[in-house]
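A quick write-up on the structure given underneath.
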Amino acid sequence: MRRISLLIILFGSSILFSKAGIKSWKRSSWFGYFYETQGGWTYTEKFEWIYPESSISDENMWFYTPDIEWCWMDLNVGNFFYSERFQEWVYCNEENLFYDFELSQYFSFDEYFRNNWRLRLFTPTQITKTSHGYFIVDCWHHRILFSKKNHSNLFKWQVIDDNVAGPHSIISIGNKIVYEDTGRGNLITKTFDGDIFSQSNIINGIGVRPHKIIYDSENNLSLVLNSGNRTLSLVDFDSKDHKLVNTLDLDFLGDTYSRSISLINGLLYFASGPNQITETIYDKDSIFVVGKYPVPEGFESMNDIFKSSNGWIYFTATSNSKIVRAKSFSEFSKGDYEDISDILGIEGNPYYLSEFDQKVYVTEIAESSAIIWFKDNIGSEIIEFGRLMDFGAPNKQDFLRKALLPL
């Protein structure tokens, strides 16, 4: 595939439409009116600036756009063009509106090329690192993203699954990755070989709304919290048949909705249900409550509990859109915690946390979508932090994509 390094200098379209330059304009049956510069860049009526690989008058050719990179057109296939980045065909009508077959709607140039949902995150619930590389769970866009490097440019991430209903978390076991198909009540596994992921293996009917999966390395079991029916599925992914070992009822949750489980110092914690953090021990046959920590006001609807390598315990919540930290569960329960929401510039709801590459990461969901990182030095203020892939509030395409699959 052709690849070129380009120094892009774009001119304001008002310059091109000056009376002095009107004779320089030409017309193409496919691109409409266009203007060619000496540097090879061409301004077109349909696509704005493009860099054609060959003559714009050819019957078929590759052309580069600054927004979605390489595309291919062929006069013999009518008003269609192929987007290499999106890996799909797109139709453009005579009014220069672009049809998205997946969303079943027409979009303007800006909506399709610059605000396309494929170029954004919408409610990323987790970012994590495994031995394979980095993963982002893009929950409300129903997809899993992968990259060998932790790129700040979403364009450089590979989509390895875009038919997964509202996934929330992902784990790695050997050469496998496992994540939830939350809206359908399933788990999905893929085998990783170098840069290639296998076809999905679906484990049907794991529970109602499998919401968080973690790996217990001591017991070689994957624990799946099924938030909809308040059960805990124990799965052995080391076995060839991906054996479901047992499903435990979580009666202590009552009728509340718990979004997260965390293994900390050998104990299994359930976030905020009912209005408390529940501390448990489990084996393959049973689960027992060994402690309860009432949550402070405003933390009735928690998202995650996470202990960093420096000993801080972090708590995130939807009910007050906060991320706070404390040295112990007892201190947090008494309201003795440090609120770091304003320091990190939280604009949406902080969700799941992870730690890798000497940083703690937290995703931001719902009202604003971003990935936030910070360093939690022992006993000191957070002075190093930043935001990656900050896409802000969702747009029209985000909501349309969200509605395609069950959550």
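Structure above, values below:
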{"item": "Top-ranked residue of the range 231-256 - restricted to ones that are in contact (Cβ under 8 Å) with a residue 40 or more places away in the chain and in a loop (DSSP other than H, G, I, E, B), ranked as least open to solvent (accessible area, probe 1.4 Å)", "result": "Phe237"}
{"item": "Single match in Ile203, Ile188 (criterion: under 17 Å from Leu407 (Cα atoms) and buried (at least 18 other Cβ atoms within 10 Å of the Cβ))", "result": "Ile188"}
{"item": "Condition broken by Ile214, with the remaining ones in (1) under 23 Å from Tyr351 (Cα atoms); (2) open to solvent by 60 Å² or more (accessible area, probe 1.4 Å) satisfied", "result": "(2)"}
{"item": "Subset tally (residues that are in contact with a strand residue (DSSP E or B) (Cβ under 6 Å, 6 or more places away or on another chain), of a type in the set (Phe, Trp, Tyr) and closer than 15 Å to Pro210 by Cα) for the range 244-280", "result": "1"}
{"item": "Set Ile323, Ile346, Ile382: member being more than 26 Å from Gly273 (Cβ to Cβ) and β-branched (Val, Ile, Thr)", "result": "Ile382"}
{"item": "Those strands (runs of 3 or more DSSP E) lying entirely in the range 28-140 with at least 1 residues of a type outside the set (Val, Ile, Thr) and open to solvent by 40 Å² or more (accessible area, probe 1.4 Å)", "result": "32-36, 48-52, 60-65, 69-74, 80-83, 88-92, 98-100, 105-107, 124-129"}
{"item": "Residue match in the range 287-294 (condition: part of a loop (DSSP other than H, G, I, E, B), surrounded by fewer than 17 Cβ atoms within 10 Å (Cβ to Cβ) and either in contact with a strand residue (DSSP E or B) (Cβ under 7 Å, 6 or more places away or on another chain) or touching a residue at least 40 places away in the same chain (Cβ under 8 Å) (or both))", "result": "no"}
{"item": "Filter result for Asn163 (assigned to a loop (DSSP other than H, G, I, E, B), in contact (Cβ under 8 Å) with a residue 60 or more places away in the chain and surrounded by 18 or more Cβ atoms within 10 Å (Cβ to Cβ))", "result": "no"}
{"item": "Pair list, Cβ < 8 Å and 6+ apart or interchain, from the range 69-98 residues that are closer than 13 Å to Gly32 by Cβ and touching a residue at least 40 places away in the same chain (Cβ under 8 Å) to residues that are of a type in the set (Gly, Ala, Ser) and part of a strand (DSSP E or B)", "result": "Asn96/Gly32"}
{"item": "Of the criteria (1) outside any strand (DSSP E or B); (2) touching a Leu at 6+ places or on another chain (Cβ under 6 Å), which one His211 fails", "result": "(1)"}
{"item": "Residue in the range 328-347 that is free of Cβ contacts under 8 Å to residues at least 60 places away in the same chain, open to solvent by 10 Å² or more (accessible area, probe 1.4 Å) and within 19 Å of Ser169 (Cα to Cα) present", "result": "no"}
{"item": "Test: residue in the range 302-317 that is within 23 Å of the chain's Cα centre (by Cα), more than 17 Å from Gly266 (Cα to Cα) and part of a loop (DSSP other than H, G, I, E, B)", "result": "no"}
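The values are calculated or read from the model by the stated rules, or taken from the named source; none is laboratory data. Just so we're clear, the structure is a prediction, and the values are computed from it rather than from any experiment. Quick reminder, even Gly has a Cβ in these numbers, built from the backbone with ideal geometry, and neighbours come from all protein chains shown. SASA here: full protein model, heavy atoms, side chains in, ligands and nucleic acids out. Shrake-Rupley method; radii C 1.70, N 1.55, O 1.52, S 1.80 Å.
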